[in-house]
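Below: the structure, in structure tokens.
The values are calculated or read from the model by the stated rules, or taken from the named source; none is laboratory data. Here the structure is a predicted model, which means the values were calculated and not measured. With ideal geometry, Cβ positions are generated from the backbone for all residues, glycine too; neighbour counts draw on all protein chains shown.
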């Protein structure tokens, strides 16, 4: 399951631990990181990843706005929203923006890897 995974997360500890965990779980994948929606959109324009792990609550542009722009620039890129928000409104907004999946950070340890395997296949 080769691919490129872009982790978009403004919290340094969360971003680094996600990258450490996922690079062990998916050693054949290449990883990129972004600390903001703006940085994510720029990286996708230069090198579209297979999957974007997108936080919603980012400084500046929200993860939902960034997802909309990423999907417009790179329709084949799959966006997985990984967020603390677990309400119907955020889920609906993410879906409308083009997100392929939506996962609460509370369920990340049990559901993230199977979800990513499905998106990578």
What number of residues within segment 102-113 are modelled with pLDDT under 95 and under 16 Å from residue 85 (Cβ atoms)?
-> 5
Consider residue 52 carefully, then state whether it is surrounded by 13 or more Cβ atoms within 10 Å (Cβ to Cβ), in contact (Cβ under 8 Å) with a residue 24 or more places away in the chain, in a helix (DSSP H, G or I) and touching a helix residue (DSSP H, G or I) at 6+ places or on another chain (Cβ under 7 Å).
-> no
Selection over segment 86-101 where residues are in contact with a helix residue (DSSP H, G or I) (Cβ under 8 Å, 6 or more places away or on another chain) and either over 22 Å from residue 2 (Cα atoms) or at pLDDT below 95 (or both) yields a count of 6
Within segment 86-121, which residues are part of a loop (DSSP other than H, G, I, E, B) and out of contact with any strand residue (DSSP E or B) (no Cβ under 8 Å at 6 or more places or on another chain)?
-> 87, 121
Filter segment 17-49 for residues that are in a loop (DSSP other than H, G, I, E, B) and under 11 Å from the mean Cα position of the chain (by Cα) and give the result.
-> 49
Among (1) farther than 15 Å from residue 7 by Cα; (2) touching a helix residue (DSSP H, G or I) at 6+ places or on another chain (Cβ under 8 Å); (3) at pLDDT 95 or above, the one test that residue 34 misses | (1)
Here are some conditions: (1) outside any helix (DSSP H, G or I); (2) closer than 14 Å to residue 4 by Cα; (3) out of contact with any helix residue (DSSP H, G or I) (no Cβ under 7 Å at 6 or more places or on another chain). Residue 80 meets all but one. Which one does it not meet?
-> (3)
State whether one or more residues within segment 8-22 are over 16 Å from residue 109 (Cα atoms), surrounded by 14 or more Cβ atoms within 10 Å (Cβ to Cβ) and touching a strand residue (DSSP E or B) at 6+ places or on another chain (Cβ under 6 Å).
-> yes
Those residues of segment 67-77 which are in a helix (DSSP H, G or I) and over 10 Å from the mean Cα position of the chain (by Cα) amount to 68, 69, 70, 71, 72, 73
One residue from 37, 60 being within 14 Å of residue 9 (Cα to Cα), surrounded by fewer than 16 Cβ atoms within 10 Å (Cβ to Cβ) and in contact (Cβ under 8 Å) with a residue 24 or more places away in the chain = 60
